[in-house]
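A short worksheet on the structure shown next.
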Amino acid sequence: MIKLHLGCGKRFIPGYVHVDLARFDHIDFHASADNLSMLDSASAQEIYACHLLEYFDLGQVKDVLKEWSRVLVKGGLLRLSVPDFDALLRIYGKTQDLRKILGPVFGRMPLNDGTIYHRTTYNRSLLEEILLGANYKKIKDWDTFTTFPDHDDFSKAFFPHNDRSGDQVSLNIIAEKG
């Protein structure tokens, strides 16, 4: 049974199979996260996707989650981290500075010879609705500091930056394949 780190970019997590379109030495499969045809059905016990789902249009997300479900074993875990639109609204409300939230809302990631941008945003209720509609269950929060204590990525993003007493920018949700 494998664990997948989808859209990992430059971040490496020991014990995971890394899938990304980017070109880094630790990438096991250079592929888009919506096409895992190189993997057998029911071959993964966990999928971790940090700040990846928002790069897909809302209309595509059902098919993306269906593909991820195909690869997961029954009861397998989908661990997601996405920018939390509700948290971003709170941050904007406190600061009245749009520049503080533009990055997480619109995203901008260099990728090989181009640039990709966020295509949607989520809050908890929308993400739960989508997950339930895609046959995931037991949806709950997960603690990135406990799960990945030595790994730094956007699941640990706070405003102000690195201030854990501030607003957590990321919505960290775990769900089980039904």
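The values are calculated or read from the model by the stated rules, or taken from the named source; none is laboratory data. If you're wondering where the values come from, they're calculated on a predicted model, not measured in any experiment. Note that each Cβ is placed from the backbone with ideal geometry, even for glycine, and that neighbours are counted across all protein chains shown.
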Next item on the list: Could you check how many residues of region 116-139 are farther than 16 Å from Leu89 by Cβ, without any contact (Cβ under 8 Å) to a residue 40 or more places away in the chain, part of a helix (DSSP H, G or I) and not hydrophobic (A, V, I, L, M, F, W, C)?
Entry: 1
Notebook entry, point to check: Does Ala175 fit the bill of being in contact with a strand residue (DSSP E or B) (Cβ under 7 Å, 6 or more places away or on another chain) and closer than 27 Å to Leu21 by Cα?
Noted result: yes
Note to self: Report every pair of residues separated by at least 6 positions or lying on different chains whose Cβ atoms are under 6 Å apart, first residue within region 1-29 and at pLDDT 95 or above and of a type in the set (Val, Ile, Thr), second buried (at least 16 other Cβ atoms within 10 Å of the Cβ) and not in a strand (DSSP E or B).
What the structure shows: Ile13/His151; Val19/Ala31
Check: Restricting attention to region 96-133, and to residues there that are aromatic (Phe, Trp, Tyr) and out of contact with any strand residue (DSSP E or B) (no Cβ under 6 Å at 6 or more places or on another chain), which single residue is farthest from Ala22 (Cα to Cα)?
Finding: Phe106
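Evaluate the following for Gly114: is it modelled with pLDDT under 95, small (Gly, Ala, Ser) and within 17 Å of the chain's Cα centre (by Cα)?
Values: modelled with pLDDT under 95: yes; small (Gly, Ala, Ser): yes; within 17 Å of the chain's Cα centre (by Cα): no.
Here the answer is no, as Gly114 does not meet what is asked.
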Check: Here is a list of conditions, (1) loosely packed, with under 11 Cβ neighbours inside 10 Å; (2) more than 15 Å from the chain's Cα centre (by Cα), and Leu132 meets all of them except one; can you say which number that is?
Finding: (1)
Next item on the list: Among residues belonging to region 1-36 that are within 18 Å of His118 (Cβ to Cβ) and of a type in the set (A, V, I, L, M), point out the one that is surrounded by the most Cβ atoms within 10 Å (Cβ to Cβ).
Entry: Leu6
